[in-house]
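K.L.:
Input: one structure, supplied below.
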Protein chains: 2
Amino acid sequence: MTGIGDDCAVIPQKEGMDTLVSTDMLVEGVHFLSDEITPEQLGWKSAAVNISDIAAMGGRPVSTYLSIALPRNIGEEWVMRFIEGYRSISGMFGVPLLGGDTCSSPDRLCISVTVLGECAHGKAVLRSGARPGDSICVTGTLGDSAAGLKAILEGRRRDDLVDRLIDAHYHPVPEVEAGLSLASTGIVSSMMDVSDGVPSDIRHIMEESGVGAEIHTDSLPLSEDLQKACSLFGWDPLSLALEGGEDYCLLFTCPPGSELPVEHTVIGEITDTGRLEWPSSGRNYQGFRHF
Amino acid sequence: MTGIGDDCAVIPQKEGMDTLVSTDMLVEGVHFLSDEITPEQLGWKSAAVNISDIAAMGGRPVSTYLSIALPRNIGEEWVMRFIEGYRSISGMFGVPLLGGDTCSSPDRLCISVTVLGECAHGKAVLRSGARPGDSICVTGTLGDSAAGLKAILEGRRRDDLVDRLIDAHYHPVPEVEAGLSLASTGIVSSMMDVSDGVPSDIRHIMEESGVGAEIHTDSLPLSEDLQKACSLFGWDPLSLALEGGEDYCLLFTCPPGSELPVEHTVIGEITDTGRLEWPSSGRNYQGFRHF
């Protein structure tokens, strides 16, 4: 691979493989507040959300591209620390930074990351394969990231518990190995990552697959940390687990009773109603909405 | 190719080919002024600058990805017009828009475009192959785009001449076919596109190739329009041709006297001095500098 220093990065293609491309933009004041996130955390998160998109297709990340618009009051130290955070996660997944663009910005930081990945030809797990009767599953737990953000916004006193939740918010670890394992079974019918919260995200699978869904709120995987924080601070665990998003675990569907090589929780099932339903709850959850 | 609607775009790989990746960011108030550029022009230019990077490697563009942060005061009509401009150039080159990200911005527009291209494995023309004695050549003419920008900034009265120069500024046409033809000769030793102006751009070839360069200011290809505008408005043609940039023609090197299938002008030669020299001029030109 040829990287920074030329007009383009150059990556050899392989017969029998597909290239996966994911790109996301993060804007200061919309996706993050500079006073609340360290440069290292921002660098980590910028790469993590795109690597997670590759994981969500059952792919392996291959290379990353970073474009960043820097306000003049941002010094070299900030940039070095940002790159350090970026490199700690891209290094964790062995994905080099091969290109991008640096420019000035009149006021706000704006970051755009593109990640290229790959998977066997035709084996990417799309959002469009869910069938009525399939189980809806998630890897990991839901709500820790949202609880971390809530702790930050409420100015909660830092202790080990609060720190762990905040860490879940700032250092999501994309589930690349889980995505690869799930894709390799051949029985996962649809998959995506949890970025906006299960209610928003499952709607994408519903739309692309032309199906409905039931989510069982009494089956949601909640971490001990989340439950403890909720009882200490009087927070609603279901609201955090469903409406916060940014968990970056995997949400997928498969035939009911499937044996899978990855730890997961069944949280509902695909229906033919075309609607999103909450049979064990009196509420309709919405997930996080941008804008 | 699978595009918008999933976590990633999916593109089949081919044995014997390389993937090329280019990404650029455009920020309102830095790269463009919203009062001075129409949404269609901005859409065109956003895609053009990246397609030009693919051309500069001797590659063919394959797919594009658009991320855009939109201030709240920008309506749907603006977005439709932007996309129209974007699609008119991506359509011209047969390159589909396969993904991206739309988000809100507190104030300024920020646009990030990624273009993927391809070329035969190992055949991308890099910046690192220039050798002392090589001729330095450009396709097209230099300075029309800079003259168009100057006409806009000076509020020149619009007539056919001024309109053509402004069009050169807002509607650069990437030299994809010229890049493919030049690469196919196998004798072009380095290539890039003219984005910041020849003095800035040739420095990249000098650095990557470890060489020097002489540019002959009396050999620069200047269009009739540029010469006419310069004599009418009292502008310096050499300053526009060298210091404005954004021509998006190709700057390349090859052995002296090479027969090439593409119209071009020899503007200098590669030396072993490590310096950039201007033997026919008393001046040192710098090219456009960001920041």
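K.L.:
Could you grab me the full set of residues in region A:9-23 that are under 24 Å from A:Ser105 (Cβ atoms) and either surrounded by fewer than 23 Cβ atoms within 10 Å (Cβ to Cβ) or among the hydrophobic types (A, V, I, L, M, F, W, C) (or both)?
P.N.:
Scanning region A:9-23 gives a single hit, A:Ala9.
K.L.:
Follow-up question, since we're still on this one. Which condition does A:Gly58 not pass, out of (1) facing chain B (nearest Cβ under 7 Å); (2) under 15 Å from the mean Cα position of the chain (by Cα); (3) not in a helix (DSSP H, G or I), if it passes all the others?
P.N.:
Of everything listed in (1) facing chain B (nearest Cβ under 7 Å); (2) under 15 Å from the mean Cα position of the chain (by Cα); (3) not in a helix (DSSP H, G or I), A:Gly58 misses just condition (1).
K.L.:
Please find, within region A:31-50, the residue that is farthest from the other protein chains (Cβ to nearest Cβ) out of those that are in contact (Cβ under 8 Å) with a residue 40 or more places away in the chain and in a loop (DSSP other than H, G, I, E, B).
P.N.:
The residue in question is A:Thr38.
K.L.:
Looking at this structure, is A:Ile74 of a type outside the set (Gly, Ala, Ser) and within 27 Å of A:Cys249 (Cβ to Cβ)?
P.N.:
no
K.L.:
Taking the conditions exactly as written (under 30 Å from B:Gly268 (Cα atoms) and either in contact with a strand residue (DSSP E or B) (Cβ under 9 Å, 6 or more places away or on another chain) or part of a helix (DSSP H, G or I) (or both)), does B:Gly99 satisfy them or not?
P.N.:
Numbers: under 30 Å from B:Gly268 (Cα atoms): no; either in contact with a strand residue (DSSP E or B) (Cβ under 9 Å, 6 or more places away or on another chain) or part of a helix (DSSP H, G or I) (or both): yes.
No.
K.L.:
Now for a different question. So which of B:Gly94, B:Gly99, B:Gly59, B:Gly43 is at pLDDT below 95 and outside the structural domain of B:Leu250 (by TED's automatic domain parsing)?
P.N.:
B:Gly99
K.L.:
Being on the phi > 0 side of the Ramachandran plot and at pLDDT below 95, is that true of even one residue in region A:125-141? It would help to see each step written out before you state the result.
P.N.:
Keep residues of region A:125-141 that are on the phi > 0 side of the Ramachandran plot, which gives A:133, A:140.
Checking which are at pLDDT below 95 leaves us with none.
No, because not a single residue in region A:125-141 is on the phi > 0 side of the Ramachandran plot and at pLDDT below 95.
K.L.:
On to the next question. Among the listed residues B:Tyr248, B:Tyr285, which satisfies the condition of being buried (at least 20 other Cβ atoms within 10 Å of the Cβ), of a type in the set (Phe, Trp, Tyr) and in contact with an Asp or Glu (Cβ under 8 Å, 6 or more places away or on another chain)?
P.N.:
Checking each option against the conditions leaves just B:Tyr248.
K.L.:
Quick check on region A:251-282: of everything there that is among the polar types (S, T, N, Q) and either closer than 16 Å to A:Ala130 by Cβ or within 23 Å of the chain's Cα centre (by Cα) (or both), which residue is surrounded by the most Cβ atoms within 10 Å (Cβ to Cβ)?
P.N.:
Within region A:251-282, the match that is surrounded by the most Cβ atoms within 10 Å (Cβ to Cβ) is A:Thr253.
K.L.:
Being within 10 Å of chain A (Cβ to nearest Cβ), surrounded by fewer than 20 Cβ atoms within 10 Å (Cβ to Cβ) and in contact with a strand residue (DSSP E or B) (Cβ under 7 Å, 6 or more places away or on another chain) is the filter here; which residues of region B:123-156 pass it?
P.N.:
Once the filter is applied, which keeps residues that are within 10 Å of chain A (Cβ to nearest Cβ), surrounded by fewer than 20 Cβ atoms within 10 Å (Cβ to Cβ) and in contact with a strand residue (DSSP E or B) (Cβ under 7 Å, 6 or more places away or on another chain), region B:123-156 yields only B:Ser128.
K.L.:
Okay, next question. Working only within region B:25-49, note down all residues that are surrounded by 24 or more Cβ atoms within 10 Å (Cβ to Cβ) and of a type in the set (D, E, K, R).
P.N.:
Result: B:Lys45, single match.
K.L.:
In region A:102-117, what count of residues is obtained for those that are surrounded by 23 or more Cβ atoms within 10 Å (Cβ to Cβ) and either over 20 Å from the mean Cα position of the chain (by Cα) or closer than 30 Å to A:Ile270 by Cβ (or both)?
P.N.:
Within region A:102-117, the subset surrounded by 23 or more Cβ atoms within 10 Å (Cβ to Cβ) is A:110-117.
Subsequent filtering for residues that are either over 20 Å from the mean Cα position of the chain (by Cα) or closer than 30 Å to A:Ile270 by Cβ (or both) retains A:115, A:117.
Residues that pass the stated criteria total 2.
The values are calculated or read from the model by the stated rules, or taken from the named source; none is laboratory data. What you see is a predicted model, and the numbers here were worked out from it, not measured in a lab. Every residue, glycine as well, gets a Cβ built from its backbone with ideal geometry; the counts of neighbours run over all protein chains shown.
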